[in-house]
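Trainee: There's a structure below that I have some questions on.
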Amino acid sequence: MKFLYALMMLLLTDTVALPQNADSLLIRKIFDQALTSRNAYDHLEQLCTQAPGRLFGSPNSLLALDLMKAAFEQMGADTIYLQPFHTPAWKCDSSSVYLINAGKQLSLHADALGPSPSTPAGGIEAEVIEVQSLDELETLGRKAIEGKIVFFNRKWDPTFIRTFEGYGDAVDQRAHGPEKAAAYGAIAAVVRSVTNSQDHFPHTGSTRFAGKKIPALAISTLDADLLSATLSNSPKARLRLNVASEDLPDILTYNLIAERKGREKPEEIIVLGSHIDTWFNTAGAHDDGAGVVMTSDVLRIFSALHIPNKRSLRIVVYMDEELYQSGGRAYLEAVKAKGEKHYLALESDGGAFTPRMFTVDASPEIVEKIARFQPFVGPYGIETIKAGWGGVDIGPLKTIQVPLMSYGTDSQRYFDLHHSANDSFDKINLRELQLGIGCISSVIYLIDKYGYE
Ligand SMILES: [Zn+2]
């Protein structure tokens, strides 16, 4: 560690160029590899164009696993295998929303939330009551809500700098609005898409039902504005909703795992995780096809540069992050059953935008040790390594005290795309994707070599 400390001091005092030492030279080579390869980009295009809408349980979710399995075979993995597990699932075949007013009907841009139940054949038609918050339901009371469609229309607060905070502030309407509306006797719920973007894309996502389930859909922000304006002039305007969906009580699905064995401590595992499933309405380019191909490409880079990783590097392509998070739980169960030792888990699920940071969910001592690697990756865009979020898929590993990390990018455009048809391959920038691969590979190289003890 003394050597490392000396190196850090050298890095911190050298503002002109990277110091000429073995690690910074190797990291330069990692970036040369990342920045001259279209491997991950091409695999992402395949995923988005050949297997869009890959919600777990769908045929495309299995096709996506086949595509990634073939990709791993070319990338120098020692072991590739599927990890089977059973889970409840849900599928959506179609959904629509019509605004009916003054003898006319207008189709709105809508997608069902998961796991919305189906409407009866012929749909549901009713008057609409607009609210801005969950609390407002309480103020209005059952009498005002019963038999109606509740329309949650609070706008995203644009004053948050980090858009994940803006999302966290707005998402309660989608996550809990429908179940709360159901408790007050509503027959369905429509939610303004959780995005700051003003466009016609509906953004779906998960909603939780503890008790009674009612049909629940998201409409685009422009249509939410239109509906609100219509209701203020014509309070008797109605919506007609159709959802054709199905709960699947038990399906067999898989996580996909590829491994490069460690040379010195093969029993210690470093996991690189991301999720391959997407919502039914999207190609899932940034969420999270990008995470899958970026973390996978770390294997290719270690092989191409003959990096002798001490610990085993394991790429876990998780199934079902979006709806029930069953892949992360199934992975933890398998780890426990085999008694495997996990040294670290890193997740990428924030899109492939410009690199910004790594966050670490671990003890302050470990965070501090890992943060000391920042000067090595600072020149490539990592402004900070600090305490923070780990990830949804790797989250269950926290219960067995595994330090978690997350790769963080410039988040400004992420929620323009998130869970919508707008998250398509053309939104991927080759350079930003390649830089992400370089950053993740480099930080994993440093942690594997020097540890965090
Ligand atoms: Zn995601």
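The values are calculated or read from the model by the stated rules, or taken from the named source; none is laboratory data. Keep in mind that this is a model prediction, so the values were computed, not measured. So basically every Cβ, Gly included, is an ideal-geometry build from the backbone, and we count neighbours across all protein chains shown.
Trainee: Which ranges mark the helices (runs of 4 or more DSSP H) fully within region 351-453 that have 2 or more residues being buried (at least 18 other Cβ atoms within 10 Å of the Cβ) and among the hydroxyl-bearing types (Ser, Thr, Tyr)? Please lay out each step first, then the result.
Mentor: Details: elements: 364-371, 374-377, 414-417, 430-450.
Filter on region 351-453 gives 430-450.
Trainee: Between a first residue in region 330-358 that is assigned by TED's automatic domain parsing to the domain that holds ILE382 and a second residue that is among the basic types (Lys, Arg) and within 16 Å of the ligand (Cβ to nearest atom), which pairs have beta carbons less than 8 Å apart while being 6 or more apart in sequence or on different chains?
Mentor: Partner pairs satisfying both residue conditions: GLY351/ARG413; PHE353/ARG413.
Trainee: Taking the options ASN196, ASN233, ASN255, ASN242, name whichever one is polar (S, T, N, Q), modelled with pLDDT of 95 or more and closer than 30 Å to ILE301 by Cβ.
Mentor: Exactly one residue qualifies, and that residue is ASN255.
Trainee: Same structure, new question: Here is a list of conditions, (1) touching a Phe, Trp or Tyr at 6+ places or on another chain (Cβ under 9 Å); (2) buried (at least 22 other Cβ atoms within 10 Å of the Cβ), and LEU113 meets all of them except one; can you say which number that is?
Mentor: Here LEU113 meets the rest and fails (1).
Trainee: Which residue, of GLY185, GLY211, is modelled with pLDDT under 95, outside the structural domain of ILE301 (by TED's automatic domain parsing) and not in a helix (DSSP H, G or I)? Break it down into steps so the answer makes sense when it comes.
Mentor: Values: GLY185 fails: modelled with pLDDT under 95.
After ruling out the rest, the residue left standing is GLY211.
Trainee: Could you list all residues from region 331-355 that are among the acidic types (Asp, Glu) and within 16 Å of the ligand (Cβ to nearest atom)? Give the steps one after another, and end with the answer.
Mentor: Narrowing region 331-355 to residues among the acidic types (Asp, Glu): 333, 340, 347, 349.
Selection gives GLU347, ASP349.
Trainee: Taking ALA290 and the conditions (1) closer than 30 Å to ILE100 by Cα; (2) within 13 Å of the ligand (Cβ to nearest atom); (3) hydrophobic (A, V, I, L, M, F, W, C), which numbered condition does it fall short on, given that it satisfies the others?
Mentor: Unmet condition: (1).
Trainee: Yes or no: region 192-202 includes at least one residue that is in contact with a Leu (Cβ under 8 Å, 6 or more places away or on another chain), free of Cβ contacts under 8 Å to residues at least 40 places away in the same chain, under 27 Å from GLN105 (Cα atoms) and assigned to a loop (DSSP other than H, G, I, E, B).
Mentor: First, the residues of region 192-202 that are in contact with a Leu (Cβ under 8 Å, 6 or more places away or on another chain): 198-200, 202.
Cutting the leftovers down to free of Cβ contacts under 8 Å to residues at least 40 places away in the same chain gives us 198.
Then drop every residue that is not under 27 Å from GLN105 (Cα atoms), which leaves 198.
Imposing the further condition that a residue be assigned to a loop (DSSP other than H, G, I, E, B) reduces the set to 198.
Checked against the condition, which is being in contact with a Leu (Cβ under 8 Å, 6 or more places away or on another chain), free of Cβ contacts under 8 Å to residues at least 40 places away in the same chain, under 27 Å from GLN105 (Cα atoms) and assigned to a loop (DSSP other than H, G, I, E, B), region 192-202 yields at least one hit.
Trainee: Checking the structure you have, find out if any residue of region 356-378 is of a type in the set (Gly, Ala, Ser), away from the ligand (no atom under 16 Å from the Cβ) and at positive phi. Please lay out each step first, then the result.
Mentor: Going through region 356-378, the residues of a type in the set (Gly, Ala, Ser) turn out to be 362-363, 371, 378.
Now narrow it down to the ones that are away from the ligand (no atom under 16 Å from the Cβ): 362-363, 371, 378.
Cutting the leftovers down to at positive phi gives us none.
No.
Trainee: Can you report the number of residues in region 297-321 which are over 12 Å from GLY76 (Cβ atoms) and either away from the ligand (no atom under 16 Å from the Cβ) or in contact with a Lys or Arg (Cβ under 7 Å, 6 or more places away or on another chain) (or both)? I'd like the intermediate steps shown before the answer.
Mentor: Our first condition is that a residue be over 12 Å from GLY76 (Cβ atoms); within region 297-321, this holds for 308, 310-312, 314, 316-321.
With either away from the ligand (no atom under 16 Å from the Cβ) or in contact with a Lys or Arg (Cβ under 7 Å, 6 or more places away or on another chain) (or both) added as a condition, the list becomes 308, 310-312, 314.
Residues meeting the conditions: 5.
Trainee: Hey, another quick one. Taking region 237-286 as the search range and keeping residues that are touching a Ser or Thr at 6+ places or on another chain (Cβ under 6 Å) and among the charged types (D, E, K, R), which one is farthest from the ligand (Cβ to nearest atom)?
Mentor: LYS261
Trainee: What number of residues within region 138-195 are surrounded by 15 or more Cβ atoms within 10 Å (Cβ to Cβ), in contact with an Asp or Glu (Cβ under 8 Å, 6 or more places away or on another chain) and more than 16 Å from ALA126 (Cβ to Cβ)?
Mentor: 6
Trainee: Quickly run through region 281-307 and pick out the residues that are in a loop (DSSP other than H, G, I, E, B), of a type outside the set (Val, Ile, Thr), in contact with a helix residue (DSSP H, G or I) (Cβ under 9 Å, 6 or more places away or on another chain) and surrounded by fewer than 23 Cβ atoms within 10 Å (Cβ to Cβ). So that I can check it myself, show each step before the final result.
Mentor: Let us first name the residues in region 281-307 that are in a loop (DSSP other than H, G, I, E, B), namely 281-284, 305-307.
Remaining after also requiring of a type outside the set (Val, Ile, Thr): 281, 283-284, 305-306.
Filter once more, keeping what is in contact with a helix residue (DSSP H, G or I) (Cβ under 9 Å, 6 or more places away or on another chain): 283-284, 305.
Matches in region 281-307: LEU305 only.
Trainee: Oh, and also: Which fully enclosed strands (runs of 3 or more DSSP E) of region 82-145 have 2 or more residues being more than 34 Å from the chain's Cα centre (by Cα)? Break it down stepwise before answering.
Mentor: On the way: elements: 104-108, 110-112, 124-131.
Correct list: 104-108, 124-131.
Trainee: Further question: Out of (1) of a type in the set (D, E, K, R); (2) within 19 Å of ARG314 (Cα to Cα); (3) in contact with an Asp or Glu (Cβ under 6 Å, 6 or more places away or on another chain), the odd one out for LYS91 is which?
Mentor: Exception for LYS91: condition (2).
Trainee: To continue, here is another question. Of the conditions (1) in contact with a helix residue (DSSP H, G or I) (Cβ under 9 Å, 6 or more places away or on another chain); (2) assigned by TED's automatic domain parsing to the domain that holds GLN74; (3) not hydroxyl-bearing (Ser, Thr, Tyr), GLU267 clears all except one; give me its number.
Mentor: (1)
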